[in-house]
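Note sheet for the following structure.
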Amino acid sequence: MRLVHPLIWWLWALLLATFVIRADNILIAAAVASAVTLVVVKLKSDNYWSKSFALSIRLALLIIVVRMLIAITIGVPMPGQILFRIPSITLPSWMVGIRIGGDVTSQRLTSTFHEVIIIATVILLCGAANSLASPHRMIRSLPKAMYNLGVALSVATSVLPQIVKSIGRIQSAKRLRGQKTRGIRAWRGIALPLLEESLERALDLATAMEARGYGYHGKTTKYRVEPFTFIDLVMIASGVYLVLLSATLLSHFGVVVLALFSLVIVASPIAIVKR
Amino acid sequence: MISFKDVSLIYPNAERTILEELNFEVFEGELVLVIGHTGAGKSSLIKLINGLVPHHTGGILSGEITVAGRSTRQLKPGQLSDVIGIVGQNPINGFVTDIVEEEIAFGLETMGIAPEVMRKRVEEVLDLLSLAPLRNREIASLSGGEQQRVAIGAALVLNPKVLLLDEPTSALDPIAAEEVLSILHRLVHDLGLTVILAEHRLERVIQFADRIMRIGDRGDVSIGTPGEILAHSPIAPPIVNLSKALKLPEVSLSVREIRRRTESIRNVLQDIPLPQPAADNNGEVLLSLRKVSVAYGDKYALTNISFDIRRGEVVALMGRNGAGKSSLLKSAVGQSPIISGEVLITGRDPKNMDGKALIKHVGYVPQEPGDLLYGESVIDECLLADKDNGVAIGTTLAIYENLMEIPNINAHPRDLSEGQRLGLALSVILSANPDLIILDEPTRGLDYVAKSKLVKILQNLVIDSAQNRSVVIATHDVELVAEVAAKVIFLAEGEIVANGPTRDVLTASPAFAPQVTKVLAPAQWLTVAEVVNALGESAI
């Protein structure tokens, strides 16, 4: 049992995303999504990065809802069984092929649902990588040539979780002035102090890195060397395997077996990786 | 070790020079304290030494600064990182990694130190700062004092000759501050480290300083021994004010010193009766907590808290960082996740009041008073507050003018000094005319002058107003509590451990006792004013 290199988590997540897109199947996407959720729940650390997974779940759900609503109201008409009918707007003749309102067919809904589940899974995978691999650890493994990128990334990523905190603080302050905390006007009031505070934080961090000599010395060394090991290899190999053989596996075993298979493969880090 | 020759600093577009014609030298192994009003240029001076000003912030610099024989003119701060370590005000903003050990190693990694050497150095620093038990902890989960120690460790690991600290204890409770300062003291004595420390809460650090550098309002700087400088400085801790008030021939800086010199006076004071505590307050209950427990997730912040705040009281809420002070204050405005018990504001649950109704009862100034402000200028802010609170135009501005000498009304609230901003936020709150005023850490960024103004304002709020308001303050500042509060509620780990008159609670624990009490113990005097009053009757 050992830690996995942060880069490996990202690579693993990207490979899985490729697999999901290639397999292009709701069942498989669902299998991967649930396995990844399991991995995150079991392996995430307690730091604030781990919260990004919860955030990505919300984002995924939001995308599903919005996409389905759009599918119902707008889009290219699709033939098929009509489920229900909503009032439609007649569009000028040059906008042929587009409808607003009108017939909603089952084909339209299933194809959209299919597409949006794949997107949601990919978003979930990104969230998972973010919460499993601390961006801080990853940035420090960047080569020296990427010095400026390193500073920019550290600053950007460290500001994010702080912003979430600041929003909460400023929102509660708005209530203390007897104001509503929702609505565009309220957000304008929040955005400015937030921006200022984030910039200040970012500047503080950049200053601290500068004062500690980041980027001024030729060769850097590692305090904790994180060598690539067998586990990293297994994780990457399993990802590559899924991507390359998805078509063959699909035709050979059928969807249900492949979905179960990928569920097991994707969840396997739980057994071999230390949190 | 550090030498300044004819150094002046001005920021472009600034109306005044920040620092003018600085000439001084700091020798090896000295601990120099930098004092001055907020905004006088303490931070600029600190950052000048390692070149962050002007290399990182801009500004026009003339003159010559050398550190350990190296001129900072050509060298960037990063190139000086092996000679100078710097620790900022909010260490959490400057951490690059997530784990204690890795944070300390970061500076070594960037310098390309060999892994074996690195291990040894990290080990040494962990031991030096007593961080070994925390080595694998996530930095975000540490207390303020521990984080500050990590920041000092991260700066020390490169074996610098000079350590710069910009208000390292301003966010810490008295015990955590003590912890950080005693470590600094040890570093100076054991390693011969040169330390430059900017601080505005002098009562804690004054005894450790070899020399003091005072930045005046016009950017002029005087440097000398603590006794020399503090004898004529408006910025002075209570212990200095006490020695002045007692007309001691010399200004005393430590409790031990002044106790030796005041034996006879102490005997006199011993026999003078202490001021009578105010009679029991039977006023209307404004805020009442009944067996309140607050939890974030499965972590309890408060357990079974019960107390009342009555009309006309000033109550201080004290306790270490994380003891639950903020959770308690927030429960009064319905912003804490209460899991049992009830909170009542004049008989109603604040959770069920809408914003407009709430501000008529409770005025809450958060830790960052700027959070409350969203106007483009002072006058704009005041007019917005008039409109929000449904009062006649000009009310807020009048309150502000009444509180303090107001700055330019066209200035942006963010450009005000900490004290002015606090005053503005307070005026905005007061214009809704609440009965109960809550302040969370109001003195954090205030110097002594601004603080004594705040003390007057708070006293006026309670005593002089016909309305008989109440004030609740959460603070680490024992001296403030001694001056204004009649009652103290002391929290530890989410429970009330003491609740009683200020004199009883403050004198009970040495860590939270004000300086005057420490000096005059066992007699329970709290403030210089009290002592002067008492002695006024019998001649000194």
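Per residue, how large is the accessible surface of the protein assembly as shown? Use a 1.4 angstrom probe and give square angstrom. Intermediate values should be presented prior to the final figure.
Details: 35990 Å² over 815 residues.
Using a 1.4 Å probe on heavy atoms only, each residue of the protein assembly as shown averages 44 Å².
The mean number of Cβ atoms from other chains found within 10 Å of a Cβ in peptide B:366-372 is 5, as a whole number. With R₀ fixed at 30 Å, the C-beta to C-beta distance from B:LEU535 to B:ARG260 puts the FRET efficiency at about 0.95. Here the peptides B:367-378, B:275-286, A:190-201, A:83-94 are ranked by packing, the mean other Cβ count within 10 Å, and the order with the highest first is B:367-378, A:190-201, B:275-286, A:83-94. Here chain B has 50 percent of its accessible surface on carbon and sulfur atoms, given a 1.4 Å probe and all protein chains in place.
Shown in residue order for the stretch B:283-293 are the 3J(HN,Hα) couplings computed by the Karplus curve 6.51 cos²θ - 1.76 cosθ + 1.60 at θ = phi - 60°: x, 5, 7, 8, 10, 9, 10, 10, 6, 7, 10 Hz (x for Gly and Pro).
Remind me, relative contact order of chain B in percent, using alpha carbon pairs under 8 angstrom and six or more residues apart? Display every interim value, and only then the final one.
Numbers: 1023 pairs, mean separation 77.1, N = 540.
Once divided by the residue count of chain B, the mean separation gives 14 percent.
The alpha-carbon of B:LYS299 sits under 24 angstrom from the alpha-carbons of these lysines, leaving out residues fewer than 8 places away in its chain: A:LYS42, A:LYS44, A:LYS51, A:LYS165, B:LYS291, B:LYS325, B:LYS330, B:LYS351. Specify the angular offset, from 0 to 90 degrees and rounded to the nearest 10, of the alpha carbon long axis of helix B:115-128 from the longest principal axis of the alpha carbons in chain B. Taking the Cα atoms of chain B, the angle to B:115-128 is about 40 degrees. What the Cβ-Cβ distance of A:ARG169 and B:ASN352 gives, at R0 = 22 Å and to the nearest 0.05, is a FRET efficiency of 0.45.
With +1 assigned to the C-beta of every Lys and Arg and -1 to the C-beta of every Asp and Glu, and no other charges, what is the dipole magnitude of the protein assembly as shown about the Cα centre in debye, to the nearest 20?
On the way: 79 positive and 79 negative charges, 500 e Å.
Value, rounded to 20: 2400 debye.
For the stretch B:336-427, which trypsin sites (Lys or Arg not before Pro) are both in a DSSP coil and crowded by at most 14 other Cβ atoms within 10 Å?
Details: sites: B:ARG348, B:LYS351, B:LYS356, B:LYS360, B:LYS387, B:ARG414, B:ARG421; in loops: none.
Answer by residue number: there is no such site.
With each label modelled as a point 7 angstrom along the Cα→C-beta vector, the A:PHE84-A:GLN107 pair spans 2.2 nm. Of the trypsin sites (Lys or Arg not before Pro) in the stretch B:1-86, the ones in a loop by DSSP (not H, G, I, E or B) with at most 14 other beta carbons within 10 Å are B:ARG16, B:ARG73.
Give me the Kirkwood hydrodynamic radius of the protein assembly as shown, using the inverse of the mean 1/r over all pairs of distinct Cα atoms, in Å to one decimal.
Working: mean 1/r = 0.0331 Å⁻¹.
Mean inverse Cα-Cα distance, inverted, gives 30.2 Å.
Close amide-amide hydrogen proximity is noted between B:GLY36 and B:ILE215, each under 5 Å apart and 5 or more residues distant or on a separate chain (H modeled in the peptide plane; Pro and chain starts excluded). Estimated at 0.36 nm per residue, the fully extended path between B:ASN410 and B:THR57 surpasses their Cα-Cα distance by 124.5 nm.
For B:ASP190 and B:ASN321, the FRET efficiency from 1/(1 + (r/R0)^6), where r spans their Cβ atoms and R0 equals 35 Å, is about 0.80. Within the straight-line cut-off of under 23 Å between alpha carbons, the lysines reachable from B:LYS387 are A:LYS174, A:LYS180, B:LYS356, B:LYS360, sequence neighbours fewer than 8 places apart in one chain being disregarded. Roughly how crowded by other chains is peptide B:109-119, in terms of the mean Cβ count from those chains within 10 Å of each of its Cβ atoms? Taking the mean over all residues of the peptide, I get 5.
The modelled label-to-label distance for the pair A:LEU91/A:ARG22, using points 7 Å beyond Cα in the direction of Cβ, is 3.6 nm.
What quantity of accessible surface, computed with a 1.4 Å probe and excluding non-protein components, is buried in total between chains B and A, in Å² to the nearest 100? Before the final figure, lay out the partial values.
Values: alone 23660 and 17110 Å², together 35990 Å².
Between B and A, the summed buried area is about 4800 Å².
Using only Cα atoms, figure out Rg for the stretch B:261-324 and give it as a multiple of 2.2 N^0.38 Å.
Details: Rg = 19.2 Å, N = 64, 2.2 N^0.38 = 10.7 Å.
Here the Cα radius of gyration is 1.80 times the empirical estimate.
In order along the stretch B:344-352, phi translates into HN-Hα couplings of 10, 9, 5, x, 10, 6, x, 5, 8 Hz, rounded to whole numbers, per the Karplus curve 6.51 cos²θ - 1.76 cosθ + 1.60 with θ = phi - 60° and x for Gly and Pro. If you count, for every residue in B:87-99, the Cβ atoms of partner chains within 10 Å of its Cβ, what is the mean? Partner Cβ neighbours, averaged per residue: 6.
Helix B:174-191 and the longest principal axis of the C-alpha atoms of chain B enclose an angle of approximately 10°. The distance from the alpha carbon centre of the stretch B:248-315 to that of the stretch A:206-268 is 58 Å, rounded to a whole number. Nearest 10 degrees is fine. How inclined is helix B:378-389 to the longest principal axis of chain B, computing both from alpha carbons? Between the helix axis and the principal axis of chain B, the angle is about 30 degrees. Annotation: lysines with alpha-carbon distance below 28 angstrom to B:LYS42 (same-chain offsets under eight excluded): B:LYS5, B:LYS76, B:LYS161, B:LYS244, B:LYS451, B:LYS453, B:LYS456. Where both bridge residues fall in the protein assembly as shown, DSSP classifies roughly 55% of the beta bridges as antiparallel.
Over all directions, how big on average is the projection of the convex hull of the alpha-carbon atoms in the stretch B:285-493, in square nanometres?
So the mean shadow area of the Cα hull is 11.0 nm².
Summing -39500 (n - 2.57) over the DSSP H runs of n ≥ 4 in chain B and dividing by its residue number, what mean residue ellipticity at 222 nm do you reach, to the nearest 500 deg cm²/dmol? Walk me through the numbers on the way to the answer.
Numbers: 22 runs with 201 residues, N = 540.
Dividing the helical sum by the residues of chain B leaves -10500 deg cm²/dmol.
Return one quarter of the surface area of the convex hull spanned by the alpha-carbon atoms of the stretch B:141-284, equal to its mean projected area, in nm². The directionally averaged projection comes out at 14.2 nm².
The amide H of A:ILE100, built 1.01 Å from its N in the peptide plane, has A:ILE89 as neighbours under 5 Å, considering only residues 5 or more places off or on other chains.
Tell me the net charge near B:SER143. Cut-off is 12 Å between Cβ atoms, B:SER143 excluded, with +1 for each Lys or Arg and -1 for each Asp or Glu. Don't jump to the answer; show the numbers that get you there.
Details: positive: B:ARG137, B:ARG149, B:ARG320; negative: B:GLU146, B:ASP173, B:GLU179.
Net charge around B:SER143: 0.
The values are calculated or read from the model by the stated rules, or taken from the named source; none is laboratory data. Source: prediction; values computed, not measured. Ideal geometry is used to build each Cβ from the backbone, glycine not excepted, and the neighbour counts take in all protein chains shown. To get the accessible areas, we keep the full protein, side chains included, count just its heavy atoms, and leave off ligands, DNA and RNA. Shrake-Rupley method; radii C 1.70, N 1.55, O 1.52, S 1.80 Å.
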